[in-house]
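*Asks:* A single structure is presented below for examination.
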Amino acid sequence: MDLLMISEYILLASLAVFSIAAVRIATRKSIGMGLVGISALSLAIATILILINRIYGVGFCRDIAYALVLLGPVGTIAFARVLRG
């Protein structure tokens, strides 16, 4: 294994820990913290999918990650508009 592959696996492990922290943030009682947690979780999952595409060569992971990155902020804005009234 070369150094780049080892660093990709370390990044995957750290993103997994970050995903758990984002879920913990999202389950707080305030709405703002929920939005921050869900945004962080979608960013972490998109990055994990891009890494899976790079390491294992699974092609559809990249497409799902791009859709998640594009639709994540749209969902956040729509949810904020609904809450505002």
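The values are calculated or read from the model by the stated rules, or taken from the named source; none is laboratory data. Only a predicted model underlies this, so the values are computations on that prediction, with no experimental measurement involved. Counting neighbours? That spans all protein chains shown, and the Cβs are built from the backbone with ideal geometry, glycine included. The protein model used for the area step is the full one, side chains on, heavy atoms only, and it has no ligands, DNA or RNA in it. Shrake-Rupley method; radii C 1.70, N 1.55, O 1.52, S 1.80 Å.
*Asks:* Under the condition of being of a type in the set (Gly, Ala, Ser) and more than 12 Å from the chain's Cα centre (by Cα), which residue from segment 32-52 is surrounded by the most Cβ atoms within 10 Å (Cβ to Cβ)?
*Replies:* The selected residue is Gly34.
*Asks:* Moving to a separate point now. Take the conditions within 19 Å of Met5 (Cβ to Cβ), among the small types (Gly, Ala, Ser) and modelled with pLDDT under 90 and apply them to Gly57. Does it pass?
*Replies:* The answer is yes for Gly57.
*Asks:* Further question on the same structure: Do you know which of the residues in segment 14-26 that are touching a helix residue (DSSP H, G or I) at 6+ places or on another chain (Cβ under 7 Å) and either in contact (Cβ under 8 Å) with a residue 40 or more places away in the chain or open to solvent by 50 Å² or more (accessible area, probe 1.4 Å) (or both) is farthest from Ala80 (Cα to Cα)?
*Replies:* Once the filter is applied, the top-ranked residue is Phe18.
*Asks:* Turning to a different aspect of this structure: Quickly run through segment 53-85 and pick out the residues that are open to solvent by 50 Å² or more (accessible area, probe 1.4 Å) and touching a residue at least 40 places away in the same chain (Cβ under 8 Å).
*Replies:* Arg54, Phe79, Leu83
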